[in-house]
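Read the figures in this text as sums done on the coordinates, not as results from a lab. Note that the structure is predicted; figures quoted are calculated from it, not measured. Backbone-built Cβ (ideal geometry, glycine too); neighbour counts: all protein chains shown.
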Amino acid sequence: MQVTDPTSNASAPTDGSERQFNFSAGPAVLPEEVLLEAKNELPVYDHVGASVMEISHRSAAYDKIEESAREHMKKLLGLSDDWHVLFLQGGASMQFYQVPLNFLPEDGSADYVITGRWGTKAIKEARRVGDVRVAASSEDDDFSHVPPVEEWDLNPDASYVHITTNETVNGNQFQKDPNLDVPVVTDASSELLSRPMDLDGYGMIYAGAQKNVGPAGVTIVLIHDDFLQQRKQPLPTMLDYGTHAAKRFNTPPVFPIYMVEKVLRWLDDLGGVDAIHAINQRKSQKLYNAIDGSDFYRGTVDEDSRSMMNVTFRLVEEDLEPVFIKKAKENGLLSLGGHRTVGGMRASLYNALPEEAVDTLVAFMKEFERTHG
Ligand SMILES: *Cc1c(COP(=O)(O)O)cnc(C)c1O
C-alpha cells in the first residue's frame with residue numbers, strides 16, 4: 001500500500017537529523033535513542049509478527065513490557081513492594097477528581113497547598129467532591145515562591161494534603177519533600193524522575209507522562225498500599241484505584257506504556273535518577289546564571305523556589321519578547337514562549353533535553369542582548 005496523502009511527512013528525513021532543540025513544556029522532548037528504537041520496531045515487534053499496537057494486551061509480549069516498566073519505575077525511584085505502580089488514562093487532570101473521589105470522605109476534609117495554575121485546578125475539582133481547605137497559597141504573590149512548610153495552616157484531621165511539587169506554568173518547585181502527620185499526595189507531572197524523592201511522607205505521587213517520562217496518553221500513579229486501603233467504598237469501577245492495583249482490568253494505553261518503558265530503560269542506562277539530577281542541576285544553573293548575570297533578563301520566581309525543570313523569565317523590555325521567541329525559533333530553539341496565561345518566556349529543561357541545548361540557548365541570549373540591548 002502506498003500512502004499518497006499530500007500532507008504526509010514523507011519528505012522529512014527518517015533518521016532524526018532535522019531534530020531541533022525542543023524546550024516545550026509538554027508534550028515534550030523524548031530521548032532520540034528511544035524514538036529511533038521505536039521506529040525500528042514499529043512494523044514488527046520482537047518477532048511477534050505484528051506491531052506492538054496490534055497485539056493483545058493479555059499477550060506474553062505485552063506482559064513483559066508492562067512488567068519491565070513497573071520494575072524500572074520501582075528501581076529508579078527506590079519504591080518498596082508496598083507501592084503500586086499504575087498506568088492509567090485521563091491525564092493528570094483526571095487525577096484532580098479521582099484523588100478526592102477515592103480519599104475525601106463525606107464527613108472529612110482535605111488540605112491543599114496552592115503554588116500555581118495546576119494546584120488551582122486540582123482544588124477546583126476536589127470542591128466538587130467535598131470539603132477542602134487551603135493550607136497555604138502563594139497566589140497573592142503571583143506564585144513566585146513556595147510557602148515554607150512551617151507556615152502552612154494544617155488540619156491534623158485532614159485525609160490528605162495535596163501539593164504540586166513542580167508548577168509547570170509558574171516555574172516554581174519544592175526544594176524538599178514534605179513529611180507531615182497526614183499522607184501527602186503530589187502532582188509530580190513535570191518533575192517525576194528528574195530528581196531523587198524522599199518517599200516517606202507520600203501516600204501517592206501522580207504524573208501525566210508527557211512532560212518527563214514519555215508520550216501523552218498514560219498517567220503514572222504511584223500509590224502506597226497503606227494509603228490505598230484508606231479509600232472510600234464503593235466507587236465506580238474504573239475510578240477506583242483498587243481496581244487497577246488488583247489486576248489489568250481493561251485495555252491499557254499500550255503504545256504510551258511501551259514508550260515509557262523505553263524511556264525508563266534509557267534513564268537507567270544513563271545512571272538513574274542521581275545521575276540525571278546532577279545533569280539537571282547543571283543545566284538549570286547555567287540558565288539561571290545567564291538570567292541573573294544580565295540586566296536585560298529577569299527571573300520570575302524567588303531564588304529559593306526556582307524550578308529545575310521549567311525556567312520562567314522575562315525581558316526587562318517586555319515588548320521585545322515576541323521578537324526573542326521568533327528569533328530563537330529561527331535559530332533552532334523551539335517553544336520558548338511562556339504559558340498563554342502568564343506570557344514571557346519559559347524554557348523547559350526535562351531529562352531528555354541535551355545539555356548542549358542549554359549551552360546553545362545561553363549563547364543565543366548573549367547574542368540577542370548584544371544586538372537588542
Ligand atoms: C501538564 C500538567 C497537568 C495536566 O496534565 P494532563 O495530562 O494534560 O491532564 C497537570 N499538572 C501539572 C503539574 C502539569 O504539568
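From the backbone phi of region 183-200, what are the Karplus-calculated ³J(HN,Hα) couplings (6.51 cos²θ - 1.76 cosθ + 1.60, θ = phi - 60°) in whole Hz, Gly and Pro given as x?
Each residue of region 183-200 in turn: x, 9, 10, 10, 8, 9, 3, 9, 9, 4, 6, 8, 7, x, 10, 8, 7, 3 Hz.
Can you compute 3J(HN,Hα) from phi for each residue in region 275-285, using the Karplus curve 6.51 cos²θ - 1.76 cosθ + 1.60 with θ = phi - 60°, rounded to whole Hz and x for Gly and Pro?
With coefficients 6.51, -1.76 and 1.60, one gets 5, 5, 4, 4, 5, 4, 5, 5, 4, 5, 5 Hz.
Using only DSSP helix segments of four residues or longer, with each worth -39500 (n - 2.57), what per-residue ellipticity at 222 nm results for the chain after dividing by its residue count and rounding to 500?
Here the helix-only value at 222 nm equals -10500 deg cm²/dmol.
Treat region 67-125 as a sphere of radius equal to its Kirkwood radius over Cα pairs and apply Stokes-Einstein at 4 °C in a medium of 1.567 mPa s; give the translational diffusion coefficient in µm²/s, rounded to a whole number.
After rounding, the answer is 94 µm²/s.
Near the amide H of LEU154, under 5 Å away, which other amide H atoms are found, from residues 5 or more places off or on another chain, if H is placed in the peptide plane?
Amide H to amide H, under 5 Å and 5 or more residues apart or across chains, LEU154 pairs with nothing.
Taking 7 Å along the Cα-to-C-beta vector as the label spot, tell me the GLN175-ASP153 distance in nanometres, rounded to one decimal.
2.5 nm
Give the lysines whose C-alpha is closer than 18 Å to that of LYS64, dropping any in the same chain fewer than 8 places away, or say none.
Those lysines meeting the cut-off are LYS74, LYS75, LYS247, LYS262.
I'm a student and want to see the number: the projected area of the Cα convex hull of the chain, averaged over all directions, in nm².
So the Cα hull casts an average projection of 20.2 nm².
What does the highest-first list of 322-331, 83-92 look like by mean Cβ count within 10 Å?
Sorting 322-331, 83-92 by mean packing, highest first, produces 83-92, 322-331.
Looking at region 272-372, how many pairs of lysines come closer than 17 Å at the Cα, when each pair is eight or more places apart or spans two chains?
5
Quick one: compute the contact order of the chain, relative version, from alpha carbon pairs under 8 angstrom and 6+ residues apart, as a percent.
Averaging sequence separation for qualifying contacts and normalising by length gives 22 percent for the chain.
Counting only residues 5 or more places away or on other chains, whose amide H sits under 5 Å from the amide H of ARG133 once H atoms are built in the peptide plane?
Under 5 Å from the amide H of ARG133 lie the amide H atoms of ALA110, ASP111, TYR112, each far enough along the sequence or on another chain.
Using θ = phi - 60° and the Karplus form 6.51 cos²θ - 1.76 cosθ + 1.60, what ³J(HN,Hα) does each residue of region 157-174 get, whole Hz, x for Gly and Pro?
With the stated coefficients, region 157-174 comes to 9, 4, 6, 6, 10, 9, 10, 10, 5, 9, 8, 4, 7, 8, x, 10, 8, 4 Hz.
Where does each of TYR97, TYR112 land when they are ranked from fewest to most other beta-carbon atoms within 10 angstrom?
Arranged by neighbour count, lowest to highest, TYR97, TYR112 become TYR97, TYR112.
Give the aspartates and glutamates reachable from LYS121 as a straight Cα distance under 19 Å; neighbours fewer than 8 places away on the same chain don't count.
ASP111, ASP131, GLU139, ASP140, ASP141, ASP142, GLU167, ASP187, GLU191
Considering amide H positions built from the backbone, and no H for Pro or chain starts, which residues 5 or more places from TYR297, or on another chain, come under 5 Å of its amide H?
When sequence neighbours closer than 5 places are left aside, the close amide H contacts are VAL316.
Hey, got a sec? Which trypsin sites (Lys or Arg not before Pro) in region 112-169 land in a DSSP loop and have at most 15 other Cβ atoms within 10 Å?
Qualifying residues, ordered by number: ARG128.
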